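These notes are about the structure you will find just below.
The values are calculated or read from the model by the stated rules, or taken from the named source; none is laboratory data. Model, not experiment: these values are computed from the prediction. Please note: Cβ atoms are built from the backbone with ideal geometry, for glycine as well, and neighbour counts cover all protein chains shown.
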């Protein structure tokens, strides 16, 4: 069956902001879907609230709506666009839920929109627990045995079928009191009783415990003709009990015999058919009892998922693209396999390598959060590695995590050893190790090694962790090899590991640690087991570069092999590679050979190069030049999709210039690791060793370090020292901007102003500086992104506390102490400079005052309160900085505008000129680049990449700052609901995971949209609780007055009530938590609060106000914690009451 | 310490790794299999007789070995090549490690080599003869031996693996085969199937037995008269090793049987049926060996993912009028199944497939073919 021609216009829903559980993978899948549908000639209407995505680039869809993802807003879009069909399966759970809401409210029926790929009833059948269970029963598949009970008696009966241990989970509890495990009857009945008590519906789910079972995922594709294939089987290293997103996972499945695997395959086919997903990809999760092989179906996602993205990257099979094509009628065998080109998409990939994914967590940002890994996902990103064997891929993945580890121990993060190989000061005790193994956390993986090092056997470790013995044996082999290496380094016989017999000593030369004592065969073995040069350097007491030189001199080098979907059975046309030491044959296309076959992409991003312009440097100009772009690695707070967006644009820019773009990245969620984004893709960890290997292999003519966030910048110096050609802004200039002393001199030269500051190399120095410049001060480690360990200190005791943490985070680098400018307006500026011209595409005015991390602040383009004169001053300062620093490419500057009292004036009430302070300059792509691009319509990152490749702004025809006709507001999105009970107050340490954007002709409406998109539903009526810090009292009372006038009920604490009464505002008195009840928590529980405005005096989950904020967040009540946001919100609420929210596509906005 | 082992190809390539099986030396045609699971089923598949099999998946031995996974009485490969053999077997079904299993059965095997480089060589040059040795580690000597290896073309390998005696088969399918556990009760009260064993995988008679059939397994050289004397309701032609053309006795037998009794052939059996009807076979460049091969059933349009193991194929140009192509490979369009139309005569139906519907190892998508045979028997 060819494509359907009864539909022409397709509505595609995105997944909104990056949150825990929904990250870049849906930009990847959505972007693939846009391309796939457009190359088939369909008109694509895209809705997504996330401006940081590639999919929302105006060139990706015919109509792009950056609008809130609510059914009401999408209905407006449907009314305008009148699409024929809605494709709901490529935008994560958000899109699925939104499609269901549209269906539920009759919008689809009313406008005649057909849901394709999966109908509403199918989605419901997959997602409804009861219907799913019934469906599985119908096809003879086991599900987790259990029942929702309402009495202890019934629970007692159910126990007969589920057995002990049993899981008890109260239903619909607020604050997420989770599940507990009962190990005996008495405990079971007690937990059921407690649960019935806790549940508002007096319901408790009791289930058999499958914790510790093996966990698997199957990625399944089905076409309209009922052809079904399995794309990938993924095995979780961490057994059941840890969310698959938080588990280390491995592809393909490792410990299943063919009999078991085929049964799981049969079950997967049966599930997708019974549930009835018409076309596309689904993800089905299974648990298997390791003792007898009993298989249970856990759940099914009737859509493309995070695991689909992983499976796509792991196998080379583009699940999202094929899913989109199946949705419009094609059958699997009618679609080509892009990678082989001679075969079809109807097959099951066979892979000849091992893939390991390791999640990355951000608990350091949420010290109050429970760091135990459970069935609630908590990781913020992931890295994937491909290796010739499991051991190689596992160690590659560990170094790809970018947490300071360079493999499975033997690095500076290794607690087992001190700097000189002596026992480490913090070497964990046997008890600590046991505890860390028993309770899964992000740290467990490291403790598996400590367990082996401490003499535990694999059997003992299995008992504590239930990690499959096969995986444990693999880890044991790595540790045994470590012992062999240490023996070679010291001349001692190797220590036995895991209780096994001592190994025969390898030949080594007695004497001082020397690489000479390392035999070629042991070196090969170590590299094949995934050991990095850095680990070898640590073991042998040498520098990484010494190890590298010695290794290369011995000819021990990696080869690059293709990811080809077919285990080399057919020739691969797609240049997607990984390194391995398991090889004698390299498959990287030679430079200057006929270029790798370029993909014929249906939708090439529009070029901004003016015809006739000629590149000027030696990089551009020749079609056989190669430029390497270093990606951002795993997502983390402070470094995520925004940088991947920039890297993709760098690649598009290079390809437009006829330069071969070479992407290096380790993040499987991203568009940058899609095989058709760049000419060559290397799925590798972003370390000096791995990047140098790639650059040498491809004979790079240039390396771009500016676009991937802090990750590549941290490598820049080492890469340059190793002789690699870094293009764009010089490494010296990047460092000069980070170097406080050099930078202060430069600021003085330019006649700019900076807050008083100092650099502390010791805590004592930090105290001295703080006393000199006066409190409050801002404390932060240098060379760290995302405001890690950054804090505002108002006094000495606070300073002492935070300085210690800052020095730890700084990892040997100094700590910066700045005078903190209170009540300042913060401004973020993105600029491009080619040495000749400076363009300033975005001057963003923050809504929250200085002190809230720029990544966590809402901000607006254009500035909404700064005077034209101030904006001109900012522009001029930016221009000067760019030229003085020698920026070639992007630069981000942070300013603060402070209304200062004129010292000449005698009266303290006379406020005069706003004064501009320079806070920070970063000569690289910033987090705000995609937002600026969407707000202005200027492809900022692409232009900058071309500048770096030597094409001047003038040659690109870019000589003027964009002047947008509408207001764009960016709002941050936080993961607070995932970390229950923590205080949500914003500070200088960034904690948001994602962002949304609201666009409107007016600031108020743009702000309202941004809030709605971020999930902060500003109420049109109801009760608003107000509580402000003393310094905000006056402004707060003003807000209460406005809300009262609009008919909102006001809730306030006694003191505030009195103040309000004095100006004629009637408020309901709500006790403070310490003053008795009913207090605000009771109002929240009774759902009597629509909005909370609370600016903090103190911080922390233990404070009263911290509890209020946490409780409101748990209850899903929006909380505004800054006075500026509260003011903007009240203005927005007034606007919402008087005018309708309008929607408009980017294409329409920018054609005006 | 691991013992060294070497694999030499006739083109002069030599791979050095470690011995993971029995000591010794073996030669044969070197081929590769892309299944990611099912190494023990591969090892024991008699169709691999005379071949040194390379697994493309790098981690082999992870789940050990068990009697229940054997497809014949012992490993049949000439030699075995993997990237990394697992020293530990982790699975509740495992009875011994793969290394012990190989040693116990005297299989010469190697790990620690760049299997992908080997596969790419075989892909580009076509199947090559090779020698795998733990006793002779001299490259020149090994390459000379590889060149002297007889290869597969023109040899009757069936005679080396076919049973000497006939037997009544009663073992049913394993409980793992069907999700609902069906097909595991062998009543033996159904139709009588006589299976010509040219090196048959055990899962085939299990399928017949699992469908209630009385199954008699007879040697590959059994004459048509002997077969008919057993009064079969259907005749099955099994898979087997090597080149079908030299197996002239079997081709003659099949020619006599076509039209007399319903016939179902798998793999070599498919080639023999085709040859018996006048078609030709040819040696493929490197064959089809794996568990991910898409095949389209031209009678329904449906695609099935199949398990395959063949180095020879039926030439579509040579098909006589009475043989109709029923299945095609979606990878290379080669013939994957034929059906005998019986011309004008209303003779008994005969059909065959190039791939392995009995799976083991491999997907179960093609079990329906056994039902088709049952239907043909029932008329």
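Observations on the model:
- Every residue from region B:351-371 that is part of a helix (DSSP H, G or I) and either surrounded by 20 or more Cβ atoms within 10 Å (Cβ to Cβ) or within 12 Å of chain A (Cβ to nearest Cβ) (or both): B:369, B:370
- Scanning region A:545-571 for residues that are more than 14 Å from chain B (Cβ to nearest Cβ) and crowded, with 19+ Cβ neighbours inside 10 Å yields a total of 4.
- With respect to being in contact (Cβ under 8 Å) with a residue 60 or more places away in the chain, more than 14 Å from chain B (Cβ to nearest Cβ), in a loop (DSSP other than H, G, I, E, B) and touching a helix residue (DSSP H, G or I) at 6+ places or on another chain (Cβ under 7 Å), residue A:379 fits the description.
- Scanning region A:1120-1152 for residues that are crowded, with 21+ Cβ neighbours inside 10 Å and free of Cβ contacts under 8 Å to residues at least 24 places away in the same chain yields nothing.
- Test: residue in region A:359-369 that is under 23 Å from residue A:25 (Cα atoms), buried (at least 24 other Cβ atoms within 10 Å of the Cβ) and either touching a helix residue (DSSP H, G or I) at 6+ places or on another chain (Cβ under 7 Å) or within 14 Å of another protein chain (Cβ to nearest Cβ) (or both): yes
- Residues located in region B:296-327, provided they are farther than 13 Å from residue B:352 by Cβ, in contact with a strand residue (DSSP E or B) (Cβ under 9 Å, 6 or more places away or on another chain) and either in contact (Cβ under 8 Å) with a residue 60 or more places away in the chain or at the interface with chain A (Cβ under 10 Å from one of its Cβ atoms) (or both): B:296, B:302, B:303, B:304, B:305, B:306, B:307, B:309, B:311, B:312
- Filter result for residue A:1040 (in a helix (DSSP H, G or I), within 30 Å of residue A:1000 (Cα to Cα), outside the structural domain of residue A:793 (by TED's automatic domain parsing) and touching a helix residue (DSSP H, G or I) at 6+ places or on another chain (Cβ under 9 Å)): yes
- Looking across A:282, A:268, A:308, one residue alone is away from chain B (no Cβ under 13 Å) and part of a helix (DSSP H, G or I). It is A:308.
- You will find that of A:1134, A:1127, A:1140, A:1148, the residue that is at pLDDT 90 or above, out of contact with any strand residue (DSSP E or B) (no Cβ under 7 Å at 6 or more places or on another chain) and farther than 30 Å from residue A:80 by Cβ is A:1127 and no other.
- Candidates in region A:1060-1094 are the residues that are in a loop (DSSP other than H, G, I, E, B) and either under 34 Å from the mean Cα position of the chain (by Cα) or not assigned by TED's automatic domain parsing to the domain that holds residue A:1028 (or both); of these, the one that is surrounded by the fewest Cβ atoms within 10 Å (Cβ to Cβ) is A:1087.
- Qualifying residue in region A:725-737 (condition: surrounded by fewer than 17 Cβ atoms within 10 Å (Cβ to Cβ), in contact with a helix residue (DSSP H, G or I) (Cβ under 8 Å, 6 or more places away or on another chain) and outside any helix (DSSP H, G or I)): no
- Of the helices (runs of 4 or more DSSP H) contained entirely in region A:933-1023, those carrying at least 3 residues that are crowded, with 21+ Cβ neighbours inside 10 Å fall at A:940-948, A:1003-1013.
- If the condition is being part of a loop (DSSP other than H, G, I, E, B) and under 28 Å from the mean Cα position of the chain (by Cα), then region A:1097-1142 contributes A:1099, A:1100, A:1101, A:1115, A:1116, A:1117, A:1118, A:1121, A:1122.
- Sole exception among (1) more than 14 Å from chain B (Cβ to nearest Cβ); (2) within 22 Å of residue A:137 (Cα to Cα); (3) buried (at least 24 other Cβ atoms within 10 Å of the Cβ) for residue A:207, by number: (3)
- If you go through region B:220-270 and keep only what is in a helix (DSSP H, G or I), farther than 30 Å from residue B:78 by Cβ and in contact with a strand residue (DSSP E or B) (Cβ under 6 Å, 6 or more places away or on another chain), you end up with B:227, B:257.
- Residue list for region A:311-345, filter: assigned to a loop (DSSP other than H, G, I, E, B) and within 12 Å of residue A:565 (Cα to Cα): A:316, A:317, A:318, A:337, A:338, A:339, A:340, A:341, A:343, A:345
- A search for C-beta distances below 6 Å between a residue of region A:636-656 that is assigned by TED's automatic domain parsing to the domain that holds residue A:682 and any residue that is at pLDDT 95 or above and surrounded by fewer than 24 Cβ atoms within 10 Å (Cβ to Cβ), counting only pairs 6+ apart in sequence or on different chains, returns A:636/A:360.
- Pairs, first over 26 Å from residue A:922 (Cβ atoms) in region A:787-801, second crowded, with 17+ Cβ neighbours inside 10 Å, C-beta under 6 Å, six or more apart: A:794/A:776
- Whichever residue in region A:230-259 is facing chain B (nearest Cβ under 7 Å) and part of a helix (DSSP H, G or I) and, among such residues, is nearest to the chain's Cα centre (by Cα): A:258
- Scanning region A:166-173 for residues that are touching a residue at least 24 places away in the same chain (Cβ under 8 Å), within 14 Å of chain B (Cβ to nearest Cβ) and buried (at least 22 other Cβ atoms within 10 Å of the Cβ) turns up nothing.
- Only one entry of A:182, A:186 meets the criterion of being farther than 30 Å from residue A:356 by Cα, more than 11 Å from chain B (Cβ to nearest Cβ) and in contact (Cβ under 8 Å) with a residue 12 or more places away in the chain, and that entry is A:182.
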